[in-house]
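Bear in mind that the values in this text are calculations on the coordinates, not laboratory data. The model shown is predicted, which means the values in this text are computed figures rather than measured ones. Please note: Cβ atoms are built from the backbone with ideal geometry, for glycine as well, and neighbour counts cover all protein chains shown.
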C-alpha cells in the first residue's frame with residue numbers, strides 16, 4: 001500500500017503538483033520495498049489509496065517505467081520490475097566507478113559544513129549498526145551517500161550515481177543480511193570519512209570502490225545462501 005507523505009487540502013494543488021506528489025509517493029514505495037518484484041500496480045487501486053484520479057497515477061507509472069522501476073505487461077498493466085543477477089552485477093560495477101569518482105571529488109571539494117554533516121551521519125550509522133537496526137540504517141545510509149554525492153559539486157555526476165543507487169537499494173538490504181556484512185560495511189564507512197577528512201582523493205576513491213565491490217559480493221553471497229536454504233526445505 002502507498003502511504004501519501006504529503007496530502008494538502010483538496011483544491012490547493014495544481015495538476016503538476018498532484019502528478020509530482022503521486023510520482024514521489026509511488027517511487028518511494030517501490031524503493032522501500034513495499035511492493036515486491038512482479039507485483040501488479042493497478043491504476044484504479046493506487047488512485048483510490050492516494051485520493052487522486054487515475055490520470056496522475058498513469059503519468060507517474062510511465063515515468064517510473066522510463067526509470068526501469070516498473071514495466072508494462074500486455075493484459076496486466078504496470079508490474080514492479082525484477083533485476084536479474086547479470087543486471088545487478090553490471091549496475092554494481094558501474095556504480096563502483098561513479099561512486100569512486102564522487103568520493104574523490106568530495107575529498108577535494110567538500111565544505112566544512114558538509115564534512116560535519118557527514119561525520120554526524122557516520123555516528124548514526126555506527127549506533128544503528130551496533131543495535132542491528134537495519135531498517136533505520138537504510139535511510140541514514142542513503143542520506144550519508146547523498147551528502148558525498150552533493151559534496152562532489154557535479155550535478156551531472158549526482159544524477160547518474162543516484163539513478164544507479166536507487167535501482168539497487170533493495171540489493172543493499174539483502175547484502176546487509178549476510179553474516180558479518182553490517183560490521184564490515186560500517187568500518188568501510190569510517191575509512192571513507194577518514195579519507196575525505198584528509199582530503200585524500202586517491203584514498204577516498206579506492207575506499208569507495210572497494211565498498212561497492214564488497215557490497216556486490218555480499219549481495220551475491222546472500223542470494224546464494226538463501227537459494228541453498230530454499231533447496232534444503
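Output the helices (runs of 4 or more DSSP H) that fall wholly within region 151-228 and possess 3 or more residues being farther than 15 Å from residue 92 by Cα and more than 16 Å from the chain's Cα centre (by Cα), or say none.
181-197
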Response to the item:
The residue from 225, 216 that alone is farther than 20 Å from residue 120 by Cα and loosely packed, with under 15 Cβ neighbours inside 10 Å is 225
Worksheet item: Does residue 124 satisfy being within 22 Å of residue 163 (Cβ to Cβ) and either touching a strand residue (DSSP E or B) at 6+ places or on another chain (Cβ under 7 Å) or without any contact (Cβ under 8 Å) to a residue 24 or more places away in the chain (or both)?
Response: no
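Table: residues versus (1) surrounded by 19 or more Cβ atoms within 10 Å (Cβ to Cβ); (2) more than 17 Å from residue 31 (Cβ to Cβ).
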site: 116; (1), (2): no, yes
site: 119; (1), (2): no, yes
site: 127; (1), (2): no, yes
site: 161; (1), (2): yes, no
site: 181; (1), (2): yes, yes
site: 198; (1), (2): no, yes
